[in-house]
Amino acid sequence: VTLNHPFRPSAGTVGKPLPGVEVKLGATGEILVRGKNVASPEDTDSRVDEEGWLHTGDLGEIDESRNIRFVGRRSDRVVTPAGLNIDVASVAAELRRQPGVKDAMVLENPEGPAGTICAVLIMQPGARARDAIQATNAHLPDAARLRRWLIWPGADLPRTPTGKARRTPIIEWLHDQRSPSATSPPIVEDGASAASIIRD
């Protein structure tokens with residue numbers, strides 16, 4: 001579907017659509033693909049709509065140069081105890097739009113109740129993660145709000161060759177960042193120890 005030019009690669013993206021391939025984002029940010037490489041709706045399952053667009057199940061972003069960035073799967077959604085579906089990729093995208101946020105990953109909190117989410121952030125120097133979290137939470141229902149967030153210790157998240165953030169090492173790292181007190185966790189600002197948990 002796409003190709004990253006070997007001499008002009010765009011870091012963190014999967015490149016641009018190949019000739020004869022159309023790519024666009026659906027209303028929910030899902031990557032849709034149409035072209036001769038996609039079977040007709042009559043010859044395949046319901047993932048190809050009547051206009052010939054294949055609904056890939058991948059979520060992405062498209063920059064001004066038409067490079068495509070993979071940000072997650074629609075199936076990576078978290079269901080809260082109240083039955084609310086949280087699209088973690090959309091929450092992460094909202095975090096990335098906040099001033100001072102270089103990158104963010106949102107996933108189900110491995111150290112909390114099932115159905116709660118947390119964020120792993122990379123911040124610009126001097127920026128406050130708390131401000132970005134509060135601005136993002138303002139757009140979320142109470143059950144979906146971020147109540148745990150941590151600062152990743154490196155300059156970038158661990159990634160696959162295609163630029164996708166690798167969930168497994170991030171989850172393993174989260175398991176190691178337990179608060180010293182489950183009932184009274186420390187409140188720390190940006191620039192403190194990466195092992196410190198920041199909560200509301």
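The values are calculated or read from the model by the stated rules, or taken from the named source; none is laboratory data. Everything numeric in this text was worked out from a predicted model, so none of it was measured. Cβ coordinates were reconstructed from backbone atoms using ideal geometry, including for glycine residues, and neighbour counts include every protein chain displayed. Just the protein is used for accessible areas: all its heavy atoms, side chains included, with ligands, DNA and RNA removed. Shrake-Rupley method; radii C 1.70, N 1.55, O 1.52, S 1.80 Å.
So how much slack lies between ALA39 and ASP176, counting 0.36 nm per residue of separation and subtracting their Cα-Cα distance, in nm?
44.8 nm
Compute the distance in nm between two label points, each set 7 Å from the Cα along the Cα-to-Cβ direction, one at ALA155 and one at ASP131.
In this crude spin-label approximation the distance works out to 2.4 nm.
Which distance in Å, rounded to a whole number, links the C-alpha centroids of region 50-78 and region 112-175?
Here the two parts' Cα centres lie 20 Å apart.
Pull up the cross-link candidates among the lysines for LYS36, meaning alpha carbon to alpha carbon under 30 Å and not fewer than 8 places away within one chain.
Within the straight-line limit of under 30 Å, LYS36 reaches these lysines: LYS16, LYS24, LYS164.
When the label point is put 7 Å from the Cα of VAL79 along its Cα-to-beta-carbon vector, which residues of region 142-171 have a backbone N closer than 18 Å?
143-144
Given that just one value was derived from the coordinates, which of [x] 44, 25, 15; [y] 34, 20, 14; [z] 28, 19, 15 is semi-axes √(5λ) of the Cα gyration tensor in Å?
It is the value labelled [y].
Mind checking which of ASP49, ASP103, ASP58 has the largest fluctuation in a GNM of the chain, springs on alpha carbons under 10 Å?
ASP49
Tell me, what % of the accessible area of the chain is carbon and sulfur with a 1.4 angstrom probe?
The C+S portion of the solvent-accessible surface of the chain is 52 percent.
Tell me the per residue accessible area of region 47-114 using a 1.4 Å probe; a whole number in Å² is fine.
I get 51 Å² per residue for region 47-114.
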